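Peer 1: One structure follows; several queries about it will come next.
Derivation of every value follows stated rules applied to the coordinates shown; laboratory data play no part. Because the structure is predicted, anything quoted here is derived from the model rather than measured. Ideal geometry is used to build each Cβ from the backbone, glycine not excepted, and the neighbour counts take in all protein chains shown.
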Amino acid sequence: MVRWNGQAGANQFVMNAFANWEEVPIFDSEEAEAEFWADYRPDLRLMESAVAGGGESAESVTITLRIDPRMLARIKRLARSRFLNYQSMIKQWLSERMEQELRER
């Protein structure tokens with residue numbers, strides 16, 4: 001939600017930030033999506049990792065991964081609703097999970 005910070009003479013607004021793409025809902029309408037983006041923004045680290053590939057090496061390796069066609073279709077729909085390339089979204093998920101696993105050690 002956008003909130004006035006209460007300081008006299010200051011034109012600053014506070015927006016909610018999300019740190020994980022999973023927090024972005026699948027929208028029922030363009031109006032619902034517009035309301036969400038008016039109140040929320042991606043955390044700066046999330047945006048940087050999406051643009052810079054998370055600071056990892058610029059090189060990438062091609063792998064083959066077999067996925068059920070129905071699962072892939074669902075992943076693609078979810079990625080499209082978030083304006084992401086499905087392969088980038090999968091890499092983001094893997095990166096987030098890897099970081100979680102490393103923190104839990």
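Peer 1: Convert each backbone phi in the stretch 32-46 into a coupling constant with the Karplus relation 6.51 cos²θ - 1.76 cosθ + 1.60 (shift: θ = phi - 60°), then list the ³J(HN,Hα) values in order as whole Hz, x for Gly and Pro.
Peer 2: So the Karplus estimates, Gly and Pro as x, are 5, 5, 4, 5, 4, 5, 6, 9, 10, 8, x, 4, 4, 5, 5 Hz.
Peer 1: When ranked by the protection proxy of mean other Cβ atoms within 10 Å per residue, highest first, what sequence do the peptides 64-71, 23-30 form? Write out the running numbers ahead of the final one.
Peer 2: Values: 64-71: 7.1, 23-30: 11.5.
So the order, starting with the most tightly packed, is 23-30, 64-71.
Peer 1: Okay, moving on. Non-local amide H neighbours of Ala17 (under 5 Å, H modeled in plane, Pro and chain starts lacking H): which ones?
Peer 2: Those qualifying (amide H under 5 Å, at least 5 residues apart or on another chain) are Arg41.
Peer 1: Once fully extended, how much extra length lies between Ala73 and Asn85, figured as 0.36 nm per residue of separation less the alpha-carbon to alpha-carbon distance? List each step's numbers first, then the result.
Peer 2: Numbers: separation 12, 0.36 × 12 = 4.32 nm, distance 1.27 nm.
Contour length minus Cα-Cα distance gives 3.1 nm.
Peer 1: Quick one: 3J(HN,Hα) in Hz for the stretch 63-70, Karplus 6.51/-1.76/1.60 with θ = phi - 60°, rounded, Gly and Pro as x.
Peer 2: Per-residue couplings from phi come out as 10, 10, 9, 8, 10, 3, x, 5 Hz.
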